[in-house]
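*Asks:* Structure in structure tokens, see below.
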Amino acid sequence: MSGQIFTTTRRVRFADCDAAGIVFFPRYFEMLNGVVEDWFAGSLGLSFRELHLDRHSSVPTAAVEARFLAPSRLGDDLTFALNVTRLGGASCGLRHRISAGEALRFEATQTIVFVGTSLRPGPWPETLRARIAPYLETAE
């Protein structure tokens, strides 16, 4: 499969962990939201501040499915990889992979939806759609 992949790294912090020093599972979902926010601000050129406060729009999560493959621990350096599996009229399917070195720790699929000022799903703005498109997986 081809298509660009957005990557970022983050160290596991004390606040991410349970008493055993392992990432507490809901924290992964917060991390995923941070990755999406970084992808929008960096690669897509639209910060969440501009999206939410200036444009009165949002990209809420409509669905998420996750697999926990191995524990991540306090101090681990995690690499987050995001690509697009589907780009619909108002929705966008994302694939997330979190690894430490070569070891895959967590993977998830997520569906986000563009919500405009009507507070209902609406079509992606063409400029944003064009910036998302290069991240779309395609069969080779």
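The values are calculated or read from the model by the stated rules, or taken from the named source; none is laboratory data. Computed from a prediction, not measured in an experiment: that's the story for all the values here. Please note: Cβ atoms are built from the backbone with ideal geometry, for glycine as well, and neighbour counts cover all protein chains shown. Accessible surface areas use protein heavy atoms only, side chains included; no ligands, DNA or RNA. Shrake-Rupley method; radii C 1.70, N 1.55, O 1.52, S 1.80 Å.
*Asks:* Quick check for you: which residues of region 88-128 have the amide N under 17 Å from the point 7 Å beyond the Cα of residue 25 toward its beta carbon?
*Replies:* 98, 105-110, by backbone N distance to the label point.
*Asks:* If you project the alpha carbons of region 28-76 onto the principal axes, what extent comes out on each, in Å, largest first?
*Replies:* 39, 25, 16
*Asks:* Helix-only mean residue ellipticity at 222 nm, the chain, DSSP H runs n ≥ 4 weighted -39,500 (n - 2.57), per residue, nearest 500. What is it?
*Replies:* -5500 deg cm²/dmol
*Asks:* Rounded to whole Å, give me the distance from the Cα center of region 96-127 to that of region 62-84.
*Replies:* Here the two parts' Cα centres lie 13 Å apart.
*Asks:* Which values of log₁₀ I(q)/I(0), to two decimal places, follow from the Debye formula for the chain at q = 0.15, 0.19 Å⁻¹ with a uniform point scatterer at every Cα?
*Replies:* Per q value, in the given order, log10 I(q)/I(0) is -0.76, -1.12.
*Asks:* State in Å² the accessible area per residue of the chain; use a 1.4 Å probe, count heavy atoms of protein chains only, and round to the nearest integer.
*Replies:* 55
*Asks:* Let me ask something additional. Can you list residues from other chains, or at least 5 along the same chain, whose modelled amide H is less than 5 Å from the amide H of residue 78?
*Replies:* 10, 11, 12
*Asks:* Calculate, in whole percent, how much of the Cα-Cα pair population of region 2-57 lies beyond 12 Å.
*Replies:* Value for region 2-57: 72 percent of Cα pairs lie more than 12 Å apart.
*Asks:* If you average over every viewing direction, what projected area does the convex hull of the Cα atoms of region 60-140 give, in nm²?
*Replies:* Projected over every direction and averaged, the Cα hull of region 60-140 covers 7.0 nm².
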